Structure formats: C-alpha cells, structure tokens
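Written below as structure tokens is the structure these notes are about.
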Amino acid sequence: MVLSRSPPETFLATLRSEEIQFAIGLSLKTSIASTVLCILVAVPAAYALARYDFPGKSLVSAILDMPLSLPPLVAGIGLLLFFGASMPGKELAEFGLVFVFTPAGIVVAQFFVNVPFMLRIMRSTFEGISPRYEHVAKTLGCTDAQAILRVTLPMASNGLLAGSVITWSKGIGEFGAVLMLAGATRMRTETLPISLFLNMSCGRLDEAISAATILILVSVVSLCVFEWRFGGLRHF
Amino acid sequence: MLRIEKVSKDLGDFVLRDVSLEVGSGEYLVIIGPTGSGKTILMETVAGISSPDEGRIFLDGREITREVPRNRKVCMVYQDFMLFPHLSVKENIAFGLRVRKAATDEIEERVNEASELLGISHLHHRMPETLSGGEKQRVSIARAIVMEPKVLLLDEPLSALDGVTREKLRRELKRIHEVYGTTIIHVTHNFEEVFSLADKVAVMSRGEIVQVGTPEDIFRRPRCEMIANFVGVENIFRGVASKSRGLVEIEVEGLKIASATSWNGDEDGKWGADQWRVRAIREGKKGSEVFASVRSEDILISKAPLESSARNSFEGRVVEISNGGTMVKVWVDVGIPFMVMLTRRGYEEMDLAVGDHVYLTFKATAVHVF
C-alpha cells in the first residue's frame, strides 16, 4: 500500500532532500548510540539476573520488565517529567546533560523503551549457558572475569547479535517516547518516524511516504537477519 | 595428598554432612553413590567452585579451603563434557595453557602429547559439536591433563557414553593414571568402574561418606543398603584367570568357574585375559587376577544334579534364606558364597530349608569377567 503509493522516482528525489537526509542521519546516530547504551547496561544486568540470587530479585526483574508493557507514550511523559520537572533531572541539566527537547533526549527515550528487550534476550541467552562452562574455565586457570570474557560472552554472541539487531531496529522506529521527551522539531529532533509524522501533518505526502519506506526497509532487513542467522524470534 | 576434613555444605537440594576423606598421592579413588547423594558438590568443593560452610581442605599440606580455583592445581571433568563450543578441539585442549600464558612451543608439545595419549590428534581442527560423545570426553580429559593437575576430578565421566565407548575410555583412564600418576577422584554410580579402576572406594549416601575401603571390602562387607542391594543381585568374586580351551577360566578359592570370555581378547582383539595378566603383573598382583560376576537370577538351584549343557555346576549347602515377599534370596555355600534369587512360587515348590544339600548350575555365558 505504502510502497505503491508513489513512483520510485519520487522516492529517490525525496531521498536527496535535505530534510530526509537529516532524518536518516539522526536516526542512525541516535539508534546506534542507544543500542550501544542498551548493550552496556543490559549485558551485565542480565548476567547478574541469570547467575545470582539476591533478595528482591523478582521485584527488580518486574521493575525492569515494566517498560515492556507500558505504552511508549506514557514512558515518554514519565521521562519528560523526570528530566524536566524533578530535582535529579534539573541537577543533570546543570551539568549540561539536557535531555528535554534535544537530540540527546532521543537517545534516552530509545534506550529506556528498548533496554528491557535487550535484557530479556540476554538473560535468556545467559540462562541457556550452563555455569559449568565457567567452572571448568576457572579450574583451568581463569579469574572470574576471564571466565566470562573468554567463555560465556563468546558463547552468548548469537544472543548479543540478536538483541542488538532488534534493539537497533526498534530504536530507529521509536516514536511515542521520542515525541514526548525530545519533541518534534524540524531539522533538530527529526528522526524518521518524527519526519513521517511532521510531513504527514502538513500534507507533504511524498516526504512522509519516503520516511515510511525507509522504516519498512529497516524492519524487513532486520527480520531477514533474524531469520537467516537465528531461525526466527521464537527462541527468545 | 588430599585431605578433606569435616566438610559440610548446604545447598538446599544437595547437602554434604561432615565429610572427611583422605586421598594419597597418585591414588585412584572412586566415589560411588546414588544420584543426589552429594558427589558432585563434594567434587566442586575440592575444585573450589563452591566453598564449604564448614570444614577444611588440604592439598599436599597446604590449606586450600578458601583458595580460588585457578590456584589449586585441581582440574575437573564433567559428565556432559563442557567443551567450549566456540573453540576448536585444539584450542579447547590448549585453553588452560593459553590462559596461563605458557610458551607456544610448550603448549604445542603438551597438547600433542595429551592428544596422542588419547588418540585425538586427528580431531584437532574439528569443532566440538561435530564430535561423538566418546571423542568429546577424550577432549575434555585432554584439556584437563595438559594442566598437569595434582588432582584430577572426574564427575561421572563415562555415564553419558554408550557401552562399547565406555569400556574403551575406562581402559584409557586406567592408562592415563599409570602414565601421569595423577591423583584421581572419580565419581560414578556404575559398579564396574569401581572394580576396574579403583585403588580405594568411598561410598556416599545422603551427603555423607558411609564407607571407605578397597573395592573388595566394600562389596564383601557392605555397610550401606545401596551396596548391599547391589550385592544382592550380583555375585562378585576375585579370582585368578587361566586359559582353558581358548576361553577364560577363573579359579576362586579352589573353585573353577568357566566363562565364555575369549582368552585372546574382545571383538577388537585388544583386550583379553592376556592383557589382564599384563596389567596384573604390572600392578604387582599375583597371577592374572580378575573379577567375575554372576547375576543371581542366572543361577539355577536344584536338589539333584541337573543334566544340562551348562558348564558350571557346583554342589553346596543352603546357609541362609531371606524371604522378601515376591522374591526369595537363598545363600548357598559351595566353597564360596553364592546368592540365588528365586520367585516365591519357585521357592515354595522346591521346599528348601537351611542346611539342605543343593546343586547350583549356570552357563558359562552368565559369567561376566572384568
């Protein structure tokens, strides 16, 4: 439907427009940044949740899973209130960490919405790896950290790749939370979904469809990577 | 020498209670016990993977109770191999040496030596997932012995393998023990492994060491119901093997028991009574000492000599009868004690009593030599 609406020439012409190029660039930058952040946070957290028992573990795990069921729009308004109106948010802003209506806010919004997915995938990946591999590694001379780096992480590489691809493609498509926290400012916080929304609301259908087409391509490509590399999402 | 002093550990489902054990240098200790008796935690405690709640562990006089695994010189081999799937066979074997940053030549040399001993040199470039169970276990044993550990822990190393492979690998363990002289602790629930490998046996049940002794002690004077039950179905003897018409005959306290085992070895011709004799001489035992077992239900009991093709027939006296409901156990002394299992019906029809004069008959194929 979307793809057949306008001819390929129009798509290519809009691709060359400054606005769409900006949106592509910003989307790539923010989604890659938020994916990296997700990896940095979710991998150690997932490892801890998979390997150790501690009091309140189920509570922690429920809180971490909450954004999964929360509408992104609601998550976005929560973030906006936190960074815009709360004490810690204001203090962060004084240090120059301004997330409200800025491109950095896009990264934060994507991170917050996507980190539970990454955590889920990594946790089930780690849970699928017997701790005995590490035990053997330790008797063979590894420290705790070496056992993780040399054995568990390489064994988890498929899960890590899967998690990164899905986090990245979800990040690129994130709209609700980004709209709330970073706003929809043309040529400033205009990611592809925001661009789709802005152009749609002022009747510039060709640009809107162009952005939509790119988003479709991203999701098709990541789905293909999944099918080809992991045989589908059902493992997680 | 490894000394375990009053070690206790509570993991909820699995517990160790006040376990004390001594294993001499170069000794082959087999720990036998049913699933869930705490054998694996005991091993992991020795390896340093879990630390005991109470008690102390000494290795060669040095206390290692709180020492991290990598400083213990204790290596562990699990039943399910635990080969690192992202590394090739060779990288798996070299893993520990690499971590310790050994020189490349040394790594090469030790890996090749261990691989040759275990016959896995040709597998070096394969990935673990392409190997058979027996090959995987050889690789994981090689991975441990290249570290030249003071103690090698084997946690049911043969349980995941099929019969023939298990038999072969069992002999190889014996050989590794001879070549490297490593102290080995081997956990199992398979009684044959006890007889063919152990210098010393420890019986574990519900987190406690119930009995320690030579294999024969344990089976002749079992202090544990589990062992007693096993002895209940199996008559085990230690005897001297000799050749009789190409087959193995075992002499046990003057009684000659014929077996159907070929003198010249098993199917692959590598391991027969000749090898047992070689082994026995090497181990300083007299003659070619072997173990033989006969399952109690394979023995026929009768009040008159039986006319049959069975090669073994002995005359004796009933010494004890234990009526256990559906099955009745009858002990007969024919110079050595035999236990015969009868169904209740069979027992009633025979009308046996202690002191009765009876004949025992069983086929040569019922005699299992190991």
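Just a yes or no: is a residue in region B:24-34 open to solvent by 50 Å² or more (accessible area, probe 1.4 Å), within 11 Å of another protein chain (Cβ to nearest Cβ) and in a loop (DSSP other than H, G, I, E, B)? For region B:24-34, residues open to solvent by 50 Å² or more (accessible area, probe 1.4 Å), within 11 Å of another protein chain (Cβ to nearest Cβ) and in a loop (DSSP other than H, G, I, E, B): absent. Checked against (1) surrounded by fewer than 17 Cβ atoms within 10 Å (Cβ to Cβ); (2) part of a helix (DSSP H, G or I), B:S322 meets all criteria but (2). For region B:43-101, the set of residues classified as aromatic (F, W, Y) and closer than 29 Å to B:L123 by Cβ consists of B:Y78, B:F81, B:F84, B:F95, listed by residue number.
In summary, helices (runs of 4 or more DSSP H) completely within region A:98-153 and bearing 3 or more residues that are of a type in the set (A, V, I, L, M, F, W, C) occur at A:103-127.
Residues in region B:333-370 that are open to solvent by 20 Å² or more (accessible area, probe 1.4 Å), of a type in the set (A, V, I, L, M, F, W, C) and assigned to a strand (DSSP E or B): 2 in all. Here B:V89 does not fit the description of being within 14 Å of chain A (Cβ to nearest Cβ) and in contact with a Leu (Cβ under 8 Å, 6 or more places away or on another chain).
Would you say B:S308 is buried (at least 17 other Cβ atoms within 10 Å of the Cβ) and among the small types (G, A, S)? Considered against the rule, which asks whether it is buried (at least 17 other Cβ atoms within 10 Å of the Cβ) and among the small types (G, A, S), B:S308 comes out as no. Might you check whether a residue that is open to solvent by 40 Å² or more (accessible area, probe 1.4 Å), outside any loop (DSSP other than H, G, I, E, B) and within 9 Å of chain B (Cβ to nearest Cβ) occurs anywhere in region A:166-175? No, region A:166-175 has no match at all.
Listed by first and then second residue, the pairs linking a residue in region A:197-208 that is closer than 17 Å to A:S4 by Cβ and in a helix (DSSP H, G or I) to a residue that is open to solvent by less than 70 Å² (accessible area, probe 1.4 Å) and aromatic (F, W, Y), with Cβ atoms under 9 Å apart and 6 or more places separating them unless they lie on different chains, are A:D206/A:F11. Within region B:39-86, the set of residues being assigned to a loop (DSSP other than H, G, I, E, B), within 8 Å of another protein chain (Cβ to nearest Cβ) and over 24 Å from the mean Cα position of the chain (by Cα) comprises B:G48, B:I49, B:V68, B:R72, B:F84, B:P85, B:H86.
Does A:P131 count as within 13 Å of another protein chain (Cβ to nearest Cβ), on the phi < 0 side of the Ramachandran plot and open to solvent by 40 Å² or more (accessible area, probe 1.4 Å)? Yes, satisfied.
Taking the listed residues A:S157, A:S124, the one that is open to solvent by 40 Å² or more (accessible area, probe 1.4 Å), more than 9 Å from every other protein chain (Cβ to nearest Cβ) and at pLDDT 90 or above is A:S124, with no other qualifying.
If the condition is being touching a residue at least 40 places away in the same chain (Cβ under 8 Å) and touching a helix residue (DSSP H, G or I) at 6+ places or on another chain (Cβ under 6 Å), then region A:118-141 contributes A:M118, A:L119, A:I121, A:M122, A:R123, A:T125, A:F126, A:E127. Give the residue that is farthest from the other protein chains (Cβ to nearest Cβ), with candidates limited to residues of region B:92-120 that are hydrophobic (A, V, I, L, M, F, W, C), open to solvent by 10 Å² or more (accessible area, probe 1.4 Å) and part of a loop (DSSP other than H, G, I, E, B). So the residue we want is B:A103. When region B:159-182 is filtered for residues that are open to solvent by less than 10 Å² (accessible area, probe 1.4 Å) and touching a His at 6+ places or on another chain (Cβ under 9 Å), only B:L173 remains.
The values are calculated or read from the model by the stated rules, or taken from the named source; none is laboratory data. The shown structure was predicted, so the numbers you read here are calculated from the model rather than taken from an experiment. FYI the Cβ positions are ideal-geometry reconstructions off the backbone, even for glycines, and counts take in every protein chain you see. What goes into the accessible areas is simple: the full protein's heavy atoms, side chains included, and nothing from ligands, DNA or RNA. Shrake-Rupley method; radii C 1.70, N 1.55, O 1.52, S 1.80 Å.
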